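One structure is given below, encoded as structure tokens.
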Amino acid sequence: MQSGPERITRAWLQEVSPQFRVFSLGAAGDESDANAVAETAAAALTPDEAIRNAHRQLDEALGQELVERLVTASPAFFEHTIRELLVKMGYGEGRHAADVLGGAGDDGVDGVVNLDTLGVDQVYFQAKRYRQDIAVGSGALRDFFGALALKDVTKGIFVTTARFSDSARLTAEKLNKRIVLIDGAELARLLIRFSVGCRIRETYKVSEIEEDFFE
């Protein structure tokens, strides 16, 4: 059994890790060498790994574009998008499964989702469009908490195209109401997963040996 080195050095890491060689060469500013090593590392991937990597990169680019478009859309469009997403996720029952309430007199909430046919059990949501470099603070969470208290409900969903600060997440955990936070990164994943604002362009079937056939 081969043992490791007595000391982990840069030279040893470059020898055993193509990824570290890419990082080292890129940091040194040798772009041509870095590209060559990156191509070598990519060539070492199995076909399955290459497909998964390509799929992940496509989803990341699509998710980024989806969020960017929502940031530049109107507030009403964003609220209706969140409503459609929640319904596609399986929330909402009855004729009015979910409604957008945004606008004057919305009492601090943007929409409501009925969890049963008669709308006895409800979840309210808040949808905030901000640039992705902005952090939603704890004050916005406390305001939403107060709006839920006025509605006399115990569950809420706060969705933003931006991110939540650490204090905002801590505030949501400490409040005695169940508030789910969905930031821009999670929103992008959900939009793709439930095909809201996007569609599947192509599907590739990957076959494998059926072992039972040869037994």
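The values are calculated or read from the model by the stated rules, or taken from the named source; none is laboratory data. If you're wondering where the values come from, they're calculated on a predicted model, not measured in any experiment. Every residue, glycine as well, gets a Cβ built from its backbone with ideal geometry; the counts of neighbours run over all protein chains shown. Quick note on the areas: whole protein, heavy atoms, side chains included, nothing else; ligands and nucleic acids left out. Shrake-Rupley method; radii C 1.70, N 1.55, O 1.52, S 1.80 Å.
Please work out the FRET efficiency for the pair Asp99 and Asn176, using the Cβ-Cβ distance as r and a Förster radius of 30 Å; give the result to the nearest 0.05.
The formula returns an efficiency of 0.70 here.
Roughly how many nanometres apart are two label points built 7 Å out from the Cα toward the Cβ at Lys155 and Glu210?
With each label placed 7 Å out from Cα toward Cβ, I get 4.2 nm.
So, for the stretch 128-215, what is the accessible surface per residue at a probe of 1.4 Å, expressed in square angstrom?
70
With all protein chains present, how much of the accessible area of the stretch 54-94 (probe radius 1.4 Å) comes from carbon and sulfur, to the nearest whole percent?
C and S atoms contribute 54 percent here.
Based on the mean of other Cβ atoms within 10 Å per residue, sort peptides 59-72, 148-161 so the most packed one is first.
The densest-packed peptide leads the list: 148-161, 59-72.
Any idea how far apart Gln57 and Met89 come out in nm if each label point goes 7 Å out from Cα toward Cβ?
Reported label-point gap for Gln57 and Met89 is 3.0 nm.
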